1. Which residues, counting only those in region 1-15, are at pLDDT 95 or above, more than 16 Å from the ligand (Cβ to nearest atom) and closer than 22 Å to residue 59 by Cβ?
2. All but one of (1) away from the ligand (no atom under 16 Å from the Cβ); (2) under 19 Å from residue 98 (Cβ atoms); (3) buried (at least 18 other Cβ atoms within 10 Å of the Cβ) hold for residue 133; which doesn't?
3. Would you confirm, using the coordinates I've provided, whether residue 184 is touching a helix residue (DSSP H, G or I) at 6+ places or on another chain (Cβ under 8 Å), within 18 Å of residue 220 (Cα to Cα), at pLDDT 95 or above and within 13 Å of the ligand (Cβ to nearest atom)?
4. Any residue at all in region 237-248 that's under 16 Å from the mean Cα position of the chain (by Cα) and surrounded by fewer than 20 Cβ atoms within 10 Å (Cβ to Cβ)?
5. So which residues in region 205-220 are in a loop (DSSP other than H, G, I, E, B) and within 23 Å of residue 140 (Cα to Cα)?
6. If you go through region 32-49 one residue at a time, how many are out of contact with any helix residue (DSSP H, G or I) (no Cβ under 9 Å at 6 or more places or on another chain) and modelled with pLDDT under 90?
7. Considering only residues that are in contact with a strand residue (DSSP E or B) (Cβ under 6 Å, 6 or more places away or on another chain) and part of a loop (DSSP other than H, G, I, E, B), look in region 160-169 and name the one that is farthest from the ligand (Cβ to nearest atom).
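The values are calculated or read from the model by the stated rules, or taken from the named source; none is laboratory data. Bear in mind the structure is a predicted one, so any value in this text is a computation, not a measurement. Glycine also receives a Cβ, built like all others from the backbone with ideal geometry; neighbour counts cover every protein chain displayed.
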Ligand code: PGA
């Protein structure tokens with residue numbers, strides 16, 4: 001019942017012209033496919049308009065990488081969910097570990113950003129995950145549970161399945177070091193268990209959990225066949241159409 005969901009996080013890569021070209025390649029490659037898998041891309045803010053218009057009517061979803069929690073105001077350099085909606089964006093990443101690490105996104109701010117997504121009609125992709133030090137200290141479950149409780153613990157039950165939860169161990173992001181399928185499955189089961197104990201049963205059954213961290217064409221299949229892994233949030237490999245399409249293909253076959 002949970003459709004696989006593959007999203008490419010382009011991070012700070014691809015200005016409007018390059019983003020449009022990559023979107024066009026994906027559009028051609030995915031045209032007419034049997035849509036067993038949901039596919040999305042998250043270009044940088046300045047490329048969103050070009051990509052939204054390129055991907056119109058293709059079924060390929062467009063996400064922003066971040067938003068501010070307020071609708072408008074004196075917040076120089078920030079972008080609100082309402083603005084993203086006007087551009088035609090459907091999804092928004094929230095709490096990516098790079099935001100938490102380098103830009104001061106605290107658990108409390110992440111909670112406000114999730115609320116801002118709901119207020120402005122965007123579907124959040126909430127990123128959670130432990131650092132290497134936290135894993136070495138045996139605290140990965142505690143950390144991820146804390147992040148989940150803060151970000152979505154107070155939502156109404158029927159809101160939660162609109163949230164995609166991306167488990168991204170920080171030590172696996174951009175490092176070439178993927179969590180093993182078993183390590184990833186274990187954490188996904190923990191997340192699903194948290195959903196089960198926090199909300200009525202339909203929530204855990206229907207909420208999609210993505211894995212992220214050095215996913216590529218060659219390791220996607222084994223990750224995506226795990227029972228609690230419903231998709232992938234892909235960084236580096238999403239910048240290359242062939243690699244990204246191989247991951248989509250693996251999801252189709254899973
Ligand atoms: P990566 O990034 O695939 O380059 O490790 C994943 C992410 O940060 O979403």
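1. 2, 3, 4
2. The number of the failed condition is (3).
3. yes
4. Checking region 237-248: at least one residue is under 16 Å from the mean Cα position of the chain (by Cα) and surrounded by fewer than 20 Cβ atoms within 10 Å (Cβ to Cβ).
5. Within region 205-220, 207, 208, 213, 214, 215 meet the criteria.
6. Number satisfying all stated conditions: 2.
7. The residue in question is 163.
Residue-wise test of (1) more than 12 Å from the ligand (Cβ to nearest atom); (2) part of a loop (DSSP other than H, G, I, E, B); (3) at pLDDT 95 or above; (4) surrounded by 24 or more Cβ atoms within 10 Å (Cβ to Cβ).
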residue	(1), (2), (3), (4)
144	yes, no, yes, no
154	yes, yes, yes, no
158	yes, no, yes, no
171	no, no, no, no
194	yes, no, yes, no
203	yes, no, yes, no
222	yes, no, yes, no
233	no, no, yes, yes
